[in-house]
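The structure appears right after this line, and notes come after that.
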Amino acid sequence: MTFRQFAYNNVVRNRRVYAAFFMASVFSVAVFFLYSMLLFHPSIEDRFLQEIAFVGMGFAEVTLYVFTLFFLFYSMRAFLQARSKEFGILIHLGMAKRQLQRLIFLETMLIGAAAIGVGTFFGFLFSKFFFMIVREIVRLPALPLYIAWEPFALTVGAFLSLFIIIALIAPIFIRTDEVNTLIHEDADSEHTDDFSPVRGYLGLFLLIGSYVFAATTKDSAVIGLIIVLPPIALLATYLFFTDTLPLALQWIRKHKWIYWRRLNLLSVTEGIVRLKENARMFFLVTIVSTVAFMSVGVLASLTSFASQYREVNPLGMTYKSAPGNPDEARHINGLIAELGKEEIDYDLVRFTVMEQQSSTTAHRVTILKASDMNELAMSFNASEVALSEGEAVFLPASQAAARKLKNTVVQTVLEPSDVPVIIRGAYMENLFPAGAHGTNAIILNDIDFEKIVQRPNAKEAFAYTYYAFYVSEWQATKEVGRSIERDLMPLSVSSSFRYDNPGASYSILRMTFSLLLFIGLLLAGVLFLAAGSFIYFRLYTSLDRGRAEYDVLRRLGVTNKEFKKIVNRQLMPQFFFPWGVALLHSAFAFMSLQVIWGALAEISIRKEMLLVLGGFTLLQLVYFYLIRWRYLAHVRAPLS
Amino acid sequence: MNDRPIIELTNITKIYESKVMHRALTQLDFSAKEGEFVAIMGPSGSGKTTLLNIISTVDMPTSGSVVINGVEPETLSDDDLAKFRRQHFGFVFQEINLLQMLTVEENIVLPLTLEGAPVHEMQARVQKVAEALSIDDILNRRPNELSGGQAQRTAIARALIHQPKLILADEPTGNLDSKSARDVLELLTTINEREGTTMVMVTHDPIAASYCDRVLFIKDGEFFNELYRDEHRQTFFQRILNVLSLLGGNVHDLRHM
């Protein structure tokens, strides 16, 4: 048996212990590869979308890389500790320290190479499927499978470097100086009382403090909090797991009426041991889960923002033509022809919009004609305006403005036409996109409007022509008017016209957000799987102790039901405590986000938040039962 | 001493069926009267531990009947069986099997917490048992801070705390030095005499066996011999040695040298 064969056999024969480690690595390689495939996809032509894909995927890949590094680092350490007896024997038999390091290096690289190979293979296998999902979600045109060297090179390069780092660092974890303690080391005999009460209380204090600040935050303070709170919360979380929780458990230990009640004795001590082993891991899982919850929650709320896009853009396409626009007739005819060709129903209202100056405020006033307005209102089935001579209503720029102007009455004279008018209240129907006609617009009765138009110098008062296409199936128009957009592109600054197609804009928005959401979900999935695998891995390495305990407890007369309860209480906190804290963290973070978000888009993200958090909890529950099932099966297997 | 048998095993056969079929016990009878202190001896692989596991209802025989304190364990559900064990048995093992993360006191009190006893009662009983076994000064230590003898006394305290009818011991002195072993055995004898607790002990050690009222010898899963205690422990010990020399197959082994 050569040295390499020895390393190979070690891995193959320890495969059950290595399995969780291996699986998580494979999964993360596969997902990384899928991201890379999308990153380098040649047929994402849309430059904007490509940029989003690039940035999003790039960010996801970096996160994935860093997390995998942490995950492998931790599992490797736990794994090597679990094997310390074996290493002790090897050193006893005369293996040099350098040989031991080489052995571990070889083993790690073997696993790494296998994981990279298998992961890339599965990634490639599923990439067609992945593209199909992306296409469905993002509504991209078909994404064909392609073969290029870049995704392979990126994935292999990234993970090879990662495994080399791990393989070089890992041997440091073995303390080779005291052979004897290595052999007789009992992984669980460490003391569980070394924590600092001061840091424990500090953690609790900081945690509650940051929650209170996050919950009570106001508009003005939120920016400052965004900078200050995360580091504080980070520190608080760390202290919470390393000191606050042991402090709490210690408190229980001192109070025998709780501690000695039925199964508490076993559950609490087991909790202390597990916490001691895994505090840092719990911290990591909590932070990563919080970030995952947050990103998915934010992305989900963005999607919902897009779905409320229609409210902000009640019309279909709009075309605003400044005086002297040479392309006006060509563009409008083109749009009508395209709509006809695509068989989309529409109503077209042509507004002639004038501009005057208000005598009272000296502000410019944009003026729309009442009958034009009523024509559009008819398409919407909205209430019409009834104005007689000398009357007008405000046309509010937004719903917030509408509420403000609702009861305003202004008496003014429109200059220079010299038309006296009473502006009474606002037109409450929401027919135009926000701010389509500026912030100071009115609807004027037809008689006075004609007076302005009929004046000799009417040309100067003429502001623009506004074509409003009312399209009920507004999303269908996303391809309409592409040629106009091309006309617009090169001279966008001082263009003589403005074309808006909410159907097209929405589809881009939607694609962007969906893509980001999808990236976020996949990323969260990887992190979630890795965290679960780590818990399983920890359980597996302490399986011998678990079995011995089960044997003792069985003889002491613990029923199956009670044993299940004990295992539940042992596993549940490991699964749900980090997640619970993460839920709490993100709930409070959302609360403060709601302040900015609410001001930004006037939408509530509560529903999305519940959906996301609920979804994750459900997944976690499934994973918990899966692992409990495996663990119980292993523990109850007869002692060998 | 009462004459009613508390343990009655009749015609017990146990066959393990895994990759290799293995017959651990063959048509063995065993009974113990209430208050009796019985040792089971035999070479490795003779089925001693299997027999103890069947008595303790952790294992079921392939055929034959088991009656413990008038109850047939086979008729009980798993959960009832666990509760039955909890109420009737106390265990002392060779590999002591204290739970590492619990202190001495917590280890001792464990069976009572399962019963849901009131805390003040638990504390009173721990105190009493600990004093009787003179481990009351180490109650707050962890198992890894104990000497072998202290650990085994803790295990005995755990076996005694809920005042079981039966104490089952598997090589209780196996890992102890001779002084600690003698202490433990004298302790068990005292408990047996004072509390009238029935004890069944599996052992390799003829000295340990000589503390008992009766020694059962089994070989290859079958009954081999039985000895009753006489007036002097010394002669009893000698008789045990005699049986062991017949039993061990040592003579046969020596012939090949």
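The values are calculated or read from the model by the stated rules, or taken from the named source; none is laboratory data. Everything numeric in this text was worked out from a predicted model, so none of it was measured. All Cβ positions, even for glycine, are placed from backbone atoms using ideal geometry, and neighbour counts span all protein chains on display.
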Evaluation of residue B:119 against (1) surrounded by 20 or more Cβ atoms within 10 Å (Cβ to Cβ); (2) within 7 Å of chain A (Cβ to nearest Cβ) (one fails), failing number: (1)
Taking region A:257-282 as the region of interest, how many residues are over 14 Å from residue A:195 (Cα atoms) and among the hydrophobic types (A, V, I, L, M, F, W, C)? 9
So residue A:230, is it in contact with a helix residue (DSSP H, G or I) (Cβ under 9 Å, 6 or more places away or on another chain), surrounded by fewer than 19 Cβ atoms within 10 Å (Cβ to Cβ), at negative phi and modelled with pLDDT of 80 or more: yes
Across region A:380-409, which residue is surrounded by the fewest Cβ atoms within 10 Å (Cβ to Cβ) among those that are without any contact (Cβ under 8 Å) to a residue 24 or more places away in the chain and assigned to a loop (DSSP other than H, G, I, E, B)? A:381
Considering only residues that are within 11 Å of residue A:365 (Cβ to Cβ) and hydrophobic (A, V, I, L, M, F, W, C), which ones fall in region A:397-412? A:410
Residue selected from region B:76-85 under the condition facing chain A (nearest Cβ under 7 Å) and surrounded by 20 or more Cβ atoms within 10 Å (Cβ to Cβ), by the criterion farthest from the chain's Cα centre (by Cα): B:82
Within region A:482-585, helices (runs of 4 or more DSSP H) holding 2 or more residues that are at pLDDT 75 or above, within 14 Å of chain B (Cβ to nearest Cβ) and in contact with a helix residue (DSSP H, G or I) (Cβ under 7 Å, 6 or more places away or on another chain): A:543-555
Step by step: first the residues of region B:61-91, then only those that are aromatic (Phe, Trp, Tyr) and touching a residue at least 40 places away in the same chain (Cβ under 8 Å), then the one that is nearest to residue B:115 (Cα to Cα). Which residue is that? B:89
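Residues of region A:562-576 being over 24 Å from residue A:618 (Cα atoms) and either surrounded by fewer than 20 Cβ atoms within 10 Å (Cβ to Cβ) or in contact with a strand residue (DSSP E or B) (Cβ under 7 Å, 6 or more places away or on another chain) (or both), which ones?
Within region A:562-576, the first condition is being over 24 Å from residue A:618 (Cα atoms), and the residues that meet it are A:562-563.
If the condition is that a residue be over 24 Å from residue A:618 (Cα atoms) and either surrounded by fewer than 20 Cβ atoms within 10 Å (Cβ to Cβ) or in contact with a strand residue (DSSP E or B) (Cβ under 7 Å, 6 or more places away or on another chain) (or both), then A:562 is the only one that fits.
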Would region A:435-449 turn up any residue that is at pLDDT below 85, touching a helix residue (DSSP H, G or I) at 6+ places or on another chain (Cβ under 7 Å) and of a type in the set (Gly, Ala, Ser)? no
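For region B:97-116, give me the residue count where each residue is more than 7 Å from chain A (Cβ to nearest Cβ) and either assigned to a strand (DSSP E or B) or surrounded by fewer than 19 Cβ atoms within 10 Å (Cβ to Cβ) (or both). Lay out the reasoning, then the answer.
The initial filter retains those residues of region B:97-116 that are more than 7 Å from chain A (Cβ to nearest Cβ), namely B:98, B:103-105, B:107-108, B:112, B:115.
Still in the list and also either assigned to a strand (DSSP E or B) or surrounded by fewer than 19 Cβ atoms within 10 Å (Cβ to Cβ) (or both): B:115.
Summing the residues that are more than 7 Å from chain A (Cβ to nearest Cβ) and either assigned to a strand (DSSP E or B) or surrounded by fewer than 19 Cβ atoms within 10 Å (Cβ to Cβ) (or both) in region B:97-116 gives 1.
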So which helices (runs of 4 or more DSSP H) are wholly in region B:155-257 and hold at least 3 residues that are free of Cβ contacts under 8 Å to residues at least 40 places away in the same chain? B:178-195, B:233-247, B:250-254
When you go through (1) touching a residue at least 60 places away in the same chain (Cβ under 8 Å); (2) farther than 22 Å from residue B:48 by Cα; (3) surrounded by fewer than 23 Cβ atoms within 10 Å (Cβ to Cβ); (4) more than 9 Å from chain A (Cβ to nearest Cβ) one by one for residue B:134, which number turns out not to apply? (1)
Pairing a residue in region A:244-267 that is facing chain B (nearest Cβ under 8 Å) with any residue that is assigned to a helix (DSSP H, G or I) and aromatic (Phe, Trp, Tyr), where Cβ atoms lie under 7 Å and the two sit 6 or more apart in sequence or on different chains, gives A:265/A:259
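So, residue A:338, is that one in the same structural domain as residue A:432 (by TED's automatic domain parsing), of a type in the set (Asp, Glu) and farther than 29 Å from residue A:474 by Cβ or not?
Taking the combined requirement at face value, the residue does not satisfy it.
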Go through (1) among the hydroxyl-bearing types (Ser, Thr, Tyr); (2) in contact with a strand residue (DSSP E or B) (Cβ under 9 Å, 6 or more places away or on another chain); (3) at negative phi for residue B:103 and report which single condition fails. (2)
